[in-house]
Amino acid sequence: MPRPLPRLNPHVTGLRCVRCRTVFPIADYFEGCPACLSHHMPASLAIEYREFPASMTCLADWQVYPDHPTLGEGNTPLITLDGLAKEIGVRTLCLKNEGANPSGSHKDRMSRFVVQRALDIGASTVAAASSGNAGVSLAAYAAHAGLNCVIVTTPDMNPNWRRAIEMHGATLLATETPERRWQVLADRARAGDWYPATNFSVPPVGSNPFGVDGYRSLAFEISHELGTGSCTDILVPTARADLLWGIARGYCDLQTAGLVKERPRIHAVEPFGRISKVLAGEDYRANFPGHSALTSIGGATVTYQALDALASCKGSAVVIEDKAARDDQMRLARCGLYLELSSAAALSGLRKLVVQGVVASDAAVVLVGTSSGFSEFQPFTHPIALVG
Ligand SMILES: [Zn+2]
């Protein structure tokens, strides 16, 4: 018997621009707001809801596609880190372990809805420009839904991620440079061949709006578990800010529904100055080149949605160097949490914001641990001790 098609949430009324706030009819706008694009000010569109449920008893009712079989993403553990809270000097500290998602990262919250949207509109092939977690995640969810999947990457892709994508049956294609991936994706998406999960515009906008909407669930879960007032600051490893924006919007939606009084401040953790430079006055459409080992939050660009998210939740941006992230990756592993280097940077970001006085000593902090460390490929420099 054929699987029923996903049913769009009946409260969705359109897509609203995160910059000019114009609402457009329900459709796919891969290059963001048409009005802002015509003024060379690229900005994402976001799912617009007529109203929200009166309670959080059924989180599915808050989502763009409420009911459809999935791989079991979300409801990840929120782990209390009392020793680290004391060491750093904050009231409480928790880590939301997104590495516990089915493919090992937060991207599963997005892939679920990209795939459901593709099924809804009859697309047969989903695609992404990715050299990491997003590609693995989309390949997994496409396989589960019986869709074709194409991941456009670069020749030097981490072999662990390559293995996972190929095991899921997705097609891997490579371009010489990361930027060239976007052109390939753009050509095939505009031709109607591929349904894209990720951005392909330059300057960029956020990822597929139906997918980004899935990140709101992180706010719902944190709020539901901790209750009102017990989270004052959230730190999010950030590149083009899909996750940052989703969490900020989730809290805005909870406040609109009357379910939270105060929203936490949400801070972007980045590997070199991009968002922080724009907050200091530079043009968000500029290029911000930099080198870093934090590859999952790399890239030289900023999106307007990052600025929208930080403005809506009075957040900040903090730059973390590789050495600090490496130290904190070890520190978290010694607490039982083996996270990707880019995820561990959230802890480094907290240390820095406490020293700067941006995060107060009575703060109740949540770090978003975006991805498991198991995907990292790291050659060993010492042998295992032989016994027997
Ligand atoms: Zn606009």
query = If you scan segment 39-67, which residues turn out to be of a type in the set (S, T, N, Q) and either within 16 Å of residue 220 (Cα to Cα) or more than 16 Å from the ligand (Cβ to nearest atom) (or both)?
reply = 55, 57, 63
ask   = Residues in segment 59-78: is at least one touching a residue at least 12 places away in the same chain (Cβ under 8 Å) and more than 23 Å from the chain's Cα centre (by Cα)?
value = no
task = Tell me, please, whether a residue that is outside the structural domain of residue 308 (by TED's automatic domain parsing), free of Cβ contacts under 8 Å to residues at least 60 places away in the same chain, surrounded by fewer than 16 Cβ atoms within 10 Å (Cβ to Cβ) and of a type in the set (A, V, I, L, M, F, W, C) can be found in segment 181-191.
result = yes
inquiry  = acidic (Asp, Glu), more than 16 Å from the ligand (Cβ to nearest atom) and at pLDDT 95 or above: is that true of residue 73 in this structure?
reply    = yes
key: Within segment 77-99, tally of residues that are closer than 12 Å to residue 225 by Cα and of a type in the set (D, E, K, R)   = 1
ask   = Any residue in segment 326-339 that is within 23 Å of the chain's Cα centre (by Cα) and within 17 Å of residue 233 (Cβ to Cβ)?
value = yes
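When you go through 188, 240 one by one, which is the residue that is charged (D, E, K, R), out of contact with any Asp or Glu (no Cβ under 7 Å at 6 or more places or on another chain) and not in a loop (DSSP other than H, G, I, E, B)?
188
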query = Is there any pair with a first residue in segment 14-34 that is within 20 Å of residue 307 (Cβ to Cβ) and a second that is within 7 Å of the ligand (Cβ to nearest atom) and assigned to a loop (DSSP other than H, G, I, E, B) whose Cβ atoms are under 6 Å apart and which are 6 or more apart or on different chains, and what are they?
reply = 17/33; 17/43; 18/43; 19/43; 32/43; 33/43
key: Options 210, 220: the member that is surrounded by fewer than 24 Cβ atoms within 10 Å (Cβ to Cβ), in a helix (DSSP H, G or I) and hydrophobic (A, V, I, L, M, F, W, C)   = 220
Counted residues, segment 1-38 - those being assigned to a loop (DSSP other than H, G, I, E, B), more than 8 Å from the ligand (Cβ to nearest atom) and basic (Lys, Arg) = 2
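The values are calculated or read from the model by the stated rules, or taken from the named source; none is laboratory data. Predicted model, so just to flag it, every value in this text is computed and none were measured. For neighbour counting, all protein chains shown are included, and Cβ atoms are generated from backbone atoms with ideal geometry for every residue, glycine included.
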